[in-house]
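The values are calculated or read from the model by the stated rules, or taken from the named source; none is laboratory data. If you're wondering where the values come from, they're calculated on a predicted model, not measured in any experiment. Note that we place each Cβ from the backbone using ideal geometry, even for glycine, and neighbour counts take in every protein chain shown.
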Amino acid sequence: MYKYVVVGGGIVGLATAYAIRNQHKEASILILEKEIKVAQHQTGRNSGVIHSGVYYPPGSLKARLATRGSQRITEFCQQHGIPYDLCGKIIVATDESELEYLNILEKRGTKNGLNVRLIDQVEMQEREPHVKGVAALHVPEAGIVSYKQVANVLLELLQQKGVEIRFGHKVEHIHSNEKICRIITSNKEFEAEHVINCGGLQSDRIAAKSGVLLEHRIVPFRGEYYELVPERRYLVKNLIYPVPNPSFPFLGVHFTRMIDGGIHAGPNAVLSLKREGYSKLAFNAADTWSTLTYKGFWKLAAEHWKEGFSELYRSLSKAQFVKSLQKLVPEVTSEDLVPSPSGVRAQALYPDGTLVQDFLIKEDGRAVHICNAPSPAATSSLEIGRMISEKVIKTKHKNKIAV
């Protein structure tokens, strides 16, 4: 029997195991991952941005964990020789109507402890010569890194510290009571004193099959990217974001310099018909049925049908995708862009159509389920892991974990 079992080999699962090992050096720890490698889904398919916390309401878990997490992740990279760059980003108001919300973001960022600053067109174009806008918010704390590389370093450190990981083990059920947890996988059954579900895109299913009463369901959204051809990378120096639509839960297409020097453009946000489906034609009957029979999805669709149609149109039309990018960098043309791998975001949705905006964690007996951890989860991963490990170790003989 293990002391702790962590379900999921993404960056949140690895960071949680890492934090537990650092606090409980002699405990037996097992990580169960259904793939043959770590970081195969959200961790390895995101934009690689070190998020600052500028978007999140002060006092929220996302705000607290992103601001602390960005510091922790850069310290971790320094310690272990992982390339990163705190290059900063600008959030660009492309017309006067966006200035009001840009000011809101400036106040929000300041309350979250960031050194954000409104800049005029002159400074904006000094920082990004090819951008177009009326003003921008400079966020110096933002940066870039490869989270897949971070995950691989975490894995190496965990194995050095005696943490066991088993690949090819898909967790089917978790039976938890006040005394023990039984974890049933596709290959074997394990026992543990505590289990932490970091299943990402499958986290709600793992929790539901384990008997946890959930108010939400994961609805997958595919984010599609292009990247600039090498000879046109000079158009973007660092990170260029639009002012987000406050009534729509996604940030809009933007430009991101990657740590390998590439420039990614995107993502859009379209409903995925497969939770781990990264192509436009990807389809899974069970995943599609789960979404289309959920009333929360239809309420979300009814409220945001115009934005949803726009996202779908942009997915089907490269010209429309380019047109969106040209609002920020007018010189970008269709010939400058080539397709880049997509990702799928695990977004928790309530039955009334409201997206779960903050991190969501539930407890059942000796099991902890991380039920909603979209962006900025990668940035916050070390802090999420620390928080979960402290709660699990501190309350290992109690029935409630408060977050």
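Would you confirm, using the coordinates I've provided, whether Ser176 is in contact with a His (Cβ under 7 Å, 6 or more places away or on another chain) and either buried (at least 23 other Cβ atoms within 10 Å of the Cβ) or in the same structural domain as Gln40 (by TED's automatic domain parsing) (or both)?
Working: in contact with a His (Cβ under 7 Å, 6 or more places away or on another chain): no; either buried (at least 23 other Cβ atoms within 10 Å of the Cβ) or in the same structural domain as Gln40 (by TED's automatic domain parsing) (or both): yes.
No: the conditions fail for Ser176.
Scanning the stretch 66-110 for residues that are farther than 27 Å from His130 by Cβ and hydrophobic (A, V, I, L, M, F, W, C) returns Ala66, Ile73, Phe76, Cys77, Ile82.
Suppose the filter is more than 17 Å from the chain's Cα centre (by Cα), within 21 Å of Thr379 (Cβ to Cβ) and not assigned by TED's automatic domain parsing to the domain that holds Gly109; does Gly59 pass it? When the stated conditions are applied, Gly59 passes them. Cβ separations smaller than 6 Å between residues 6+ apart or across chains give the following pairs from the stretch 150-177 residues that are within 18 Å of Lys25 (Cβ to Cβ) to residues that are part of a strand (DSSP E or B): Val163/Ile29; Glu164/Leu30; Ile165/Ile31.
Checked against (1) assigned to a loop (DSSP other than H, G, I, E, B); (2) among the β-branched types (Val, Ile, Thr); (3) within 30 Å of Glu178 (Cα to Cα), Val392 meets all criteria but (1). Within the stretch 365-387, residues that are under 17 Å from Ile218 (Cα atoms) have Cβ atoms under 7 Å from residues that are among the aromatic types (Phe, Trp, Tyr) and assigned to a loop (DSSP other than H, G, I, E, B) in these pairs: Asn372/Phe359; Ala373/Phe359, counting only partners at least 6 apart in sequence or on another chain. When you look at Ile90, is it among the β-branched types (Val, Ile, Thr) and assigned to a strand (DSSP E or B), yes or no? Spelling it out, Ile90 is indeed among the β-branched types (Val, Ile, Thr) and assigned to a strand (DSSP E or B). Please indicate, with yes or no, whether at least one residue in the stretch 339-350 is basic (Lys, Arg), closer than 22 Å to Arg222 by Cα and crowded, with 20+ Cβ neighbours inside 10 Å. Yes. Only helices (runs of 4 or more DSSP H) wholly contained in the stretch 274-338 count here; list those with 1 or more residues that are assigned by TED's automatic domain parsing to the domain that holds Tyr234 and in contact with a Gly (Cβ under 9 Å, 6 or more places away or on another chain). Output list reads 285-292, 295-303, 318-326.
Among the candidates His304, His264, the residue that is buried (at least 18 other Cβ atoms within 10 Å of the Cβ), touching a Ser or Thr at 6+ places or on another chain (Cβ under 7 Å) and not β-branched (Val, Ile, Thr) is uniquely His264. Among the residues of the stretch 203-219, what is the count of those that are within 15 Å of His41 (Cβ to Cβ) and surrounded by fewer than 21 Cβ atoms within 10 Å (Cβ to Cβ)? Going through the stretch 203-219 one residue at a time, the tally reaches 1. Ser70: within 29 Å of Glu156 (Cβ to Cβ), in contact with a His (Cβ under 9 Å, 6 or more places away or on another chain), in contact (Cβ under 8 Å) with a residue 40 or more places away in the chain and part of a helix (DSSP H, G or I), yes or no? In short, yes.
Scanning the stretch 325-381 for residues that are among the hydroxyl-bearing types (Ser, Thr, Tyr) and under 16 Å from the mean Cα position of the chain (by Cα) turns up Ser342, Ser375, Thr379, Ser380, Ser381. Across the stretch 207-239, the qualifying residues are those that are in the same structural domain as Glu33 (by TED's automatic domain parsing), assigned to a helix (DSSP H, G or I) and touching a residue at least 12 places away in the same chain (Cβ under 8 Å), and the one among them that is farthest from the chain's Cα centre (by Cα) is Lys209. Checked against the criterion of being within 18 Å of Gly9 (Cβ to Cβ), modelled with pLDDT of 95 or more and not β-branched (Val, Ile, Thr), the candidates Gln71, Gln160, Gln78 yield just one match: Gln160. Candidates are the residues of the stretch 247-266 that are in a loop (DSSP other than H, G, I, E, B) and of a type in the set (A, V, I, L, M); the one that is nearest to Leu355 (Cα to Cα) is Leu251. Here is a check on your reading of the model: is Gly13 modelled with pLDDT of 95 or more and assigned to a loop (DSSP other than H, G, I, E, B)? Taking the combined requirement at face value, the residue does not satisfy it.
Out of Ala93, Ala27, Ala39, which single residue is touching a Phe, Trp or Tyr at 6+ places or on another chain (Cβ under 9 Å) and surrounded by fewer than 18 Cβ atoms within 10 Å (Cβ to Cβ)? Going through Ala93, Ala27, Ala39 in turn, the sole match is Ala27. Scanning the stretch 56-66 for residues that are buried (at least 22 other Cβ atoms within 10 Å of the Cβ) and more than 17 Å from Ile388 (Cα to Cα) returns a single hit, Tyr56.
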